[in-house]
Amino acid sequence: QVQLVESGGGLVQPGGSLRLSCQASGNIGSIYVMEWYRQAPGKERELVARIYSGGHTDSMEGRFTISRDNAKNTVYLQMNYLDPEDTAVYYCNARDDRGALDAWGQGVLVTVSS
């Protein structure tokens, strides 16, 4: 089992920055990839970034950077130059490479507004 607890959401002005955290617990060794998704009002959930166990990262948005601190069992999403279009609930996800693990954080709201 893997449990994910997210933190760091909140209100930020356009052009500002925010860092989301996702702390994992449980069977950490089973995790193959961790991802950040977001879901804006009235829209489908979309992938924004992922990081693999080997360290490779993918970001769908150049303003966002995913990273991790293995000592803290935590994955981060650094969001810079935020735009109101980034307003969404952001979810952390952990999966293995066999389809046996698919864990989700509780979601945190990011609101970008003047």
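Quick query: amide H of Asn73 versus all other amide H atoms, modeled in the peptide plane; which residues come in under 5 Å with a sequence gap of 5 or more or a different chain?
Long-range HN contacts for Asn73: none found.
Residue-wise, which Karplus ³J(HN,Hα) couplings in Hz belong to the stretch 19-32, taking 6.51 cos²θ - 1.76 cosθ + 1.60, θ = phi - 60°, and x for glycine or proline?
Per-residue couplings from phi come out as 10, 8, 10, 9, 9, 9, 9, x, 7, 4, x, 7, 6, 9 Hz.
Enter the accessible area of Leu101 (Å², nearest 10), with the probe set to 1.4 Å and all protein chains included.
Approximately 30 Å² for this residue.
In whole Hz and in residue order, list the ³J(HN,Hα) couplings for the stretch 84-98 that follow from phi through the Karplus curve 6.51 cos²θ - 1.76 cosθ + 1.60, θ = phi - 60°; x for Gly and Pro.
Taking θ as phi minus 60°, the curve returns x, 5, 7, 4, 5, 8, 9, 10, 9, 9, 10, 9, 8, 9, 10 Hz for the stretch 84-98.
Express the carbon and sulfur contribution to the solvent-accessible surface of the chain as a percent, rounded to the nearest whole number, probe 1.4 angstrom.
45
Can you list the residues of the stretch 90-114 with backbone N under 15 Å from a point 7 Å past the Cα of Tyr52, pointing along Cα to Cβ?
Zone members listed by number: 95-98.
When only DSSP loop residues count, what trypsin sites (Lys or Arg not before Pro) in the stretch 31-114 have their Cβ near at most 10 other Cβ atoms within 10 Å? Walk me through the intermediate numbers first.
Details: sites: Arg38, Lys43, Arg45, Arg50, Arg63, Arg68, Lys72, Arg95, Arg98; in loops: Lys43, Arg45, Arg63, Arg98.
Sites meeting the loop and neighbour criteria: Lys43, Arg98.
Could you give the accessible area per residue of the stretch 1-104, probe 1.4 Å, as a whole number in Å²?
Each residue of the stretch 1-104 exposes 55 Å² on average to a 1.4 Å probe.
If you look at just the Cα atoms of the stretch 1-101, how large are its Rg and its Dmax in Å?
Considering the stretch 1-101 through its Cα atoms, Rg and Dmax are 13.4, 40 Å.
Tell me the relative contact order for the chain as a rounded percent, counting alpha carbon contacts under 8 Å between residues six or more apart.
That works out to 36 percent.
What GluC sites (Glu not before Pro) does the stretch 7-96 have in DSSP loop regions with at most 10 other beta carbons within 10 Å?
Of the GluC sites (Glu not before Pro), the ones in loops of the stretch 7-96 whose Cβ has at most 10 other Cβ atoms within 10 Å are Glu44.
Hey, what's the per residue convex hull volume over the C-alpha atoms of the stretch 42-101, in cubic angstrom? Don't skip to the answer; put the middle values down first.
Details: hull volume 6.7 nm³, N = 60.
Dividing the Cα hull volume of the stretch 42-101 by its residues yields 112 Å³.
The values are calculated or read from the model by the stated rules, or taken from the named source; none is laboratory data. Just so it is clear, the model here is predicted, and its values are computed rather than measured. We place every Cβ from the backbone using ideal geometry, glycine too, and count neighbours over all the protein chains shown. Just so you know, the surface numbers come from the protein's heavy atoms only, side chains and all, with ligands and any DNA or RNA stripped out. Shrake-Rupley method; radii C 1.70, N 1.55, O 1.52, S 1.80 Å.
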